[in-house]
Each structure stands twice: as structure tokens, then as C-alpha cells.
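This report refers to the structure that appears directly beneath it.
The values are calculated or read from the model by the stated rules, or taken from the named source; none is laboratory data. Fair warning: this is a prediction, and the values are worked out from it, not measured in the lab. Cβ sites come from the backbone with ideal geometry, for glycine too, and all protein chains shown count toward neighbours. Areas reflect the complete protein model, heavy atoms only, side chains present, ligands, DNA and RNA absent. Shrake-Rupley method; radii C 1.70, N 1.55, O 1.52, S 1.80 Å.
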Amino acid sequence: MRGRRGDRMTISIQEHMAINVCPGPIRPIRQISDYFPRRRGPGPEGGGGGSGEAPAHLGPLALAPPAALLGAATPEDGAEVDSYDSDDTTALGTLEFDLLYDQASCTLHCRILRAKGLKPMDFNGLADPYVKLHLLPGACKANKLKTKTQRNTLNPVWNEDLTYSGITDDDITHKVLRAGPRYPGALTLQFPTRISVCDEDKLSHNEFIGEIRVPLRRLKPSQKKHFNICLERQLASPSSMSAALRGISCYLKELEQAEQGPGLLEERGRILLRLNYSSRRRGLLVGVIRCAHLAAMDVNGYSDPYVKTYLRPDVDKRSKHKTCVKKKTLNPEFNEEFFYEMELSTLATKTLEVTVWDYDIGKSNDFIGGVSLGPGARGEARKHWSDCLQQPDTALERWHTLTSELPPAAGALPSA
């Protein structure tokens, strides 16, 4: 209704609010099912409905989107479709690698090939991944091997060979390898072997992506085994655990130690020794060839190792020999030989003590690890000693595990 020119129109407050506020007619909100064609559902009698509309009792979740929209094969094609929506394992990516145990040279060869579909860790939606291997139990830093870092990629290719030395048949039976990719800041492998993948960050701590654990007993000597495994999440560290989880973790650790026995010693690395009793020279030749994966004793993550040998009991205290010091290494090569003049019958009552030390200037040297070979030894150490006495004029090389146990006589001789 229009008023005459010059007349003032009076509008009620209700009409004023309706004019200024109401945006127009209210339209129904589209549902998610409106964006997909409806599947023909069964009719009331169980047959197919001809109208093309879904039954009223079916909600949006019951309506299947077309396969072409998802880019996947339909069930009629017989293809198996993998789901990545809620799978925490596959969301971390996969790691492809080869393992080869060389029984003759006592080495474990790990070839890290590639990773695919890694979890983004950086702000640009990419990562700087690398892979770390650990052999546990043992000295963690000494058993750590690491690949190069691949920059800005979620599908890195390494093709790198990492080798562990001094691996025996006993290790293959009882140990596990843990491995995985990291972003500068995370990655780990275990004895079982643990492989970890991490993301490298120059301005902060490296970030852990995922890990893989491989029992070494799955390997056969001199046969390469190929792996392509999904990464798994790492167990939370004790600092981030709740009180209940920390209690459970401590209980399981104590239970494992009790099952393994009270005499369990910490591994500190491996040493390769050569024994040979010379009938012509009437004495024992002891060759210190090399050490592998020694425990790090210095703040720089390395050690300055040297080796000392004693033949006990040593009444005259003249049986001490020592190698030269190798600077800043956890895998030193010595290739030195010492001679003990002694009859074979007398040697059968002796014990050869071999200790590895970290040389420090101006203070006492640090004990890294030791091993004793003789009639009172056990396992491979005793067998090596007995084989040497039974096979004179034959050079026998064996790897031995260095433990944290310090021989009583060596405890008073920490100096170089």
C-alpha cells in the first residue's frame, strides 16, 4: 500500500525488523546424500525398487558413492581394496630392505632400499628422513648404524649398505633387529633388530616416524631375505608414560631380568682374537685383530680404545701386553700379536684375560669391556681356548662378546 506524496509512512517495529533482517525465504539445507546418486534398494516385498529412490529407512551412510569417484575397483572386479582411513600402521609408511647373514665372516649385511608413503613431519608437508639400526641388548650407541638423510621427500630412496661385524650363530638365534625411518630427530633397530625411521630437524630434536622389529632367527646363513614392512609406532618413553604405565614397564623389565638370570651382564662390544700355540717356538701367539661396536665412553660419542692382555695366574707380573691407542673410534683395527713363552701342559692351567680400555689424558682410563678365555670360561670363550690346546700350530680366529664384568686382577690396573 503506497501513501500519498508528502505523507509520512508509519511502520511497526515488527515490520521494520522483518524488512532489515530477513534474508528471504528459508531454503532447506542439502544433505550429504544429495551429492551422490542413490542406490536402488529392496522394495517392501524384498524385490528391487524401480523408482531409483532409496528406501526411507536407509540413512546417508547406507548410500554407496560411485567407484569412479573414489578411483578404486568395484567389488565386482574382484580386486581387494586397501583402506588407509583409520589404519595407524599404514599411515606411517612402509620400509623396504634386505638382510643377509654371512656365517663365514660373522657379519650381518643390511641394505636399506627405500621407504614409501612416510608421514609428513615438516610444515611444508614433507620430511627429511633417515634410517637408524640398533642391535639390542647391548651398547646402544655402539650398535647404532645410520643412513644418509634424504631431503624434502616422503618416498626416499637410499640403496645404502650397513654392516654389523662380529655376529655369531648365537646372536642369530636369540637376537632381534629393530629398524625404521626417522626425520632428523628419530629412528632406531634392536638385537632383536630394531630399524627406525626419523625426520631430521636442524633447529630442534629429530622426530621419530616409525620402527620395525625383525627376529634374526628368520634369516638363513648366506641367503638374502627381502622385507617390505609397514612401520609401527614406538612405545612411549618412560618420561612420557603415566604412572600406571611406568609401573607396568618396570615390572615387565624386572620380570625379564629374572627370567634371564641374575648373572646377566651388559654387552660392551665385540673383539676378534686369534690364538695359535706354536710347537716350534714353544709358546702361545695371541693376535688382537679388531673390535666392533664398542661402547662410547667420551662425551663426543666415541672412545679412544686400546687392548690389554694378561695370562693368569701371573706371579711374576710379566704377562702384561697392550696395543697402541686408536683415536676417536668404536670400531678399531689393531692387527697386533703378542707371544707368551710356555709349555703346552702349563698353558692348560692358565686363563687369558683380555680387556679393552678408553684412554683419557690426565685421569684414570675408563674400562669398556672384557672377556676371559680358559678352563673356567663358558660358551664360545671356553671352546676357543680348548680348540687352541687341542690343535697346536693352527691359527684360530673367533669373535667374543665384551661384557661389563671387570676381572678382579684388572681392576687394580686401570692406567695405561
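Some points to look at:
- Hits in the stretch 197-239 - residues which are modelled with pLDDT of 70 or more, outside any loop (DSSP other than H, G, I, E, B) and of a type in the set (Gly, Ala, Ser): Gly210
- Meets criteria (open to solvent by less than 50 Å² (accessible area, probe 1.4 Å) and over 32 Å from the mean Cα position of the chain (by Cα)) for Trp357: no
- Filter result (surrounded by fewer than 22 Cβ atoms within 10 Å (Cβ to Cβ) and of a type in the set (Ser, Thr, Tyr)) within the stretch 360-375: Ser364
- Residues that are in contact with a helix residue (DSSP H, G or I) (Cβ under 8 Å, 6 or more places away or on another chain), open to solvent by less than 60 Å² (accessible area, probe 1.4 Å) and of a type outside the set (D, E, K, R) do occur in the stretch 294-310, at least one of them.
- Applying the condition of being hydrophobic (A, V, I, L, M, F, W, C) and modelled with pLDDT under 95 to the stretch 311-338 and asking which residue is surrounded by the fewest Cβ atoms within 10 Å (Cβ to Cβ) yields Val315.
- Scanning the stretch 271-292 for residues that are open to solvent by 10 Å² or more (accessible area, probe 1.4 Å) and within 30 Å of the chain's Cα centre (by Cα), we see that the one that is nearest to Arg382 (Cα to Cα) is Leu272.
- Residue that is surrounded by the fewest Cβ atoms within 10 Å (Cβ to Cβ), among those in the stretch 385-399 that are under 14 Å from Leu347 (Cα atoms) and not aliphatic (A, V, I, L, M): Gln390
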